[in-house]
Amino acid sequence: MSKVIVTGGAGYLGSHTVVELASAGYEPVLVDDLRNSEARVLDGLATLLGRRPRLHEVDCADRAALDRVFEREGAVAGVVHFAADKAVGESVADPLKYYANNIGSLVAMAQVMQAHGVRHLVFSSSCTVYGQPARLPVDETAPDNNAMSPYGFTKVAGERMLRDMVVGDPAWRVVLLRYFNPIGAHQSALIGELPLGVPNNLVPFATQVAAGLRERLTVHGDDYGTPDGSCIRDYIHVVDLARAHVRALQWLGPAPAGTCETFNLGTGRGSSVLEVVRGLEAITGRPLPHIIGPRRPGDVPEVYADAGKAARVLGWKAERTLQEALADAWRWQQALAARGRD
Ligand code: UD1
């Protein structure tokens, strides 16, 4: 069984990817210091996998500790590197935290991989690198240096570093995955997103409102030049996203040395904030309390993916609809409430 190290494996995207890797026959090993996740994710993973996955509680920016992980694990087929901070507002207030952690952990990981002869890497990037694209849907050839926050620039810089690394040492094989807006949860409701504190993102905030944990949702602006005036995003089910990582690793296996390819991961379909609100109302059968507020600084009006390259090259396509993703997000929120967590 091929062993794959998943950094940030106890996080939202990481935990779903661990499940999909295991069901594809890989042995996922988690590296996560749990700074932004909870150990109870491992209980959910244990139930889904039928065994507790191994977790190294290690800060990925700690090179010596990472080195010990690789020593202990022996043969490792590849790494999926999720571990990063991702709150846009916080990155504006504390950019050094973001550069130190997001870039620091990537540099440390790449160095340790190199030292141990592990050269297959899948990197978590974001559509944030495009800013507001001139043409929609946006494909991978669009200008990708247009992030609007320090968080976004850690992704731009991370991608750049990895491309340079592969040029300098073509023994590497790297895939850069640009996520659009991952939402939803595993259908079992055993794992899902566990935002600490007040969620920044639309769907976790909205499901908390639907559950009565928050008074109302503020829609950040309805005066954009979009059909209903609210922002448009490409919401992708987290399980579809997780499966793309499995495909990326499988594809990297026989790929020629020196491969460094970038893929958009989205559905290709844009949905507005107000459509998400109506979608959730349809699922819960109740109105979702919301008001229209001012625009949120740094928001782009409209972005959705051309995910054709991932379909052509990886043979991957998002299969789940927005409604399925919202239904799974809602089921997860209810499961959390049943377990007494807000
Ligand atoms: C954000 C980040 C993005 C990051 C992603 C994952 C910004 C500008 N972008 O994406 O870089 O990769 O999170 O963490 O922050 N909305 C509301 N009310 C709310 C919350 C959100 O109306 O309470 C709206 C936003 O204005 C936006 C849409 O919902 O139009 C989606 O927002 P969000 O879920 O935060 O994702 P992004 O901003 O697209």
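Summary table
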read-out: Residues of segment 34-66 classified as over 13 Å from S15 (Cβ atoms) and open to solvent by less than 50 Å² (accessible area, probe 1.4 Å), total; value: 6
read-out: Subset of segment 163-202 that is free of Cβ contacts under 8 Å to residues at least 24 places away in the same chain and touching a helix residue (DSSP H, G or I) at 6+ places or on another chain (Cβ under 7 Å) - its residue that is most open to solvent (accessible area, probe 1.4 Å); value: P195
read-out: 1 or more residues hydrophobic (A, V, I, L, M, F, W, C), more than 16 Å from the ligand (Cβ to nearest atom) and open to solvent by 10 Å² or more (accessible area, probe 1.4 Å): qualifying helices (runs of 4 or more DSSP H) within segment 72-162; value: 95-98, 104-115
read-out: So F205, is it outside any strand (DSSP E or B), more than 30 Å from A115 (Cβ to Cβ) and either open to solvent by 20 Å² or more (accessible area, probe 1.4 Å) or within 16 Å of the ligand (Cβ to nearest atom) (or both); value: yes
read-out: Within segment 309-333, tally of residues that are farther than 25 Å from Q208 by Cβ and either within 11 Å of the ligand (Cβ to nearest atom) or open to solvent by less than 20 Å² (accessible area, probe 1.4 Å) (or both); value: 3
read-out: Strands (runs of 3 or more DSSP E) wholly inside segment 214-331 containing at least 3 residues that are within 24 Å of the chain's Cα centre (by Cα); value: 217-220, 235-237, 260-265
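So that you can scan it fast, the table gives a plain yes or no per residue for (1) more than 21 Å from R243 (Cα to Cα); (2) acidic (D, E); (3) modelled with pLDDT under 95; (4) touching a Gly at 6+ places or on another chain (Cβ under 8 Å):
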site	(1), (2), (3), (4)
Y12	no, no, no, yes
V18	no, no, no, yes
T47	no, no, no, no
V80	no, no, no, yes
K97	yes, no, no, no
I103	yes, no, no, yes
L106	yes, no, no, yes
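The values are calculated or read from the model by the stated rules, or taken from the named source; none is laboratory data. This one's a predicted model, so the numbers in the text were calculated from it and none came from an experiment. Neighbour counts run over all protein chains shown; Cβ positions are idealised from the backbone, glycine included. To get the accessible areas, we keep the full protein, side chains included, count just its heavy atoms, and leave off ligands, DNA and RNA. Shrake-Rupley method; radii C 1.70, N 1.55, O 1.52, S 1.80 Å.
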